[in-house]
1. In a loop (DSSP other than H, G, I, E, B), at pLDDT 95 or above and in contact with a strand residue (DSSP E or B) (Cβ under 9 Å, 6 or more places away or on another chain): is that true of residue 99 in this structure?
2. Of everything in segment 5-26, what is among the charged types (D, E, K, R), closer than 11 Å to residue 69 by Cβ and at pLDDT below 95? Give them in sequence order.
3. State the number of residues belonging to segment 45-71 that are farther than 14 Å from residue 26 by Cβ and under 9 Å from the mean Cα position of the chain (by Cα).
4. Considering only residues that are of a type in the set (S, T, N, Q) and closer than 16 Å to residue 12 by Cβ, which ones fall in segment 62-102?
5. So which residues in segment 47-87 are touching a Ser or Thr at 6+ places or on another chain (Cβ under 8 Å), part of a strand (DSSP E or B) and of a type outside the set (Gly, Ala, Ser)?
6. Report whether or not residue 87 is of a type in the set (Phe, Trp, Tyr), buried (at least 16 other Cβ atoms within 10 Å of the Cβ) and at pLDDT below 90.
Amino acid sequence: MSSKFYIGQIIYHHRFDYRGVIVGIDTVFSNSEHWSESMTSSRPPKDKPWYNVLVDQSSQTTYVAEKNLSANEDNRQIEHPFLGRYFDKYDGRRYYSKQKPH
């Protein structure tokens, strides 16, 4: 199954009204059943992609179902203390993952 979004893409979470940047993708839900029951009142599908997201203007990271996200047209950079752990370049539209040394 392919994901709709990609690592480094700025997204918008329409249920909780925040911007963020994708730092990881699971093709299907891969968290615990306990987490799912306590954190997801809308019961999003577990057989679709889920994303690890750094939340803009926060130190929060979230795990979000694809159905709650949309591409964000606001290209302002994300402000998050962990941004440099994942990315080293921003081209005005997306972030690029740090290159691993050979």
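The values are calculated or read from the model by the stated rules, or taken from the named source; none is laboratory data. Just so we're clear, the structure is a prediction, and the values are computed from it rather than from any experiment. Because the Cβ atoms are built from the backbone with ideal geometry, glycine has one as well, and the counts that use them run over all protein chains shown.
1. no
2. 15, the sole residue that qualifies.
3. The qualifying residues number 2.
4. The first filter runs over segment 62-102 and keeps only residues of a type in the set (S, T, N, Q), leaving 62, 68, 70, 72, 75, 77, 97, 99.
Residues satisfying the conditions are 62, 68, 70, 72, 75, 77.
5. Residues satisfying the conditions are 50, 51, 52, 53, 54, 55, 87.
6. Judged against the criteria, residue 87 is not a match.
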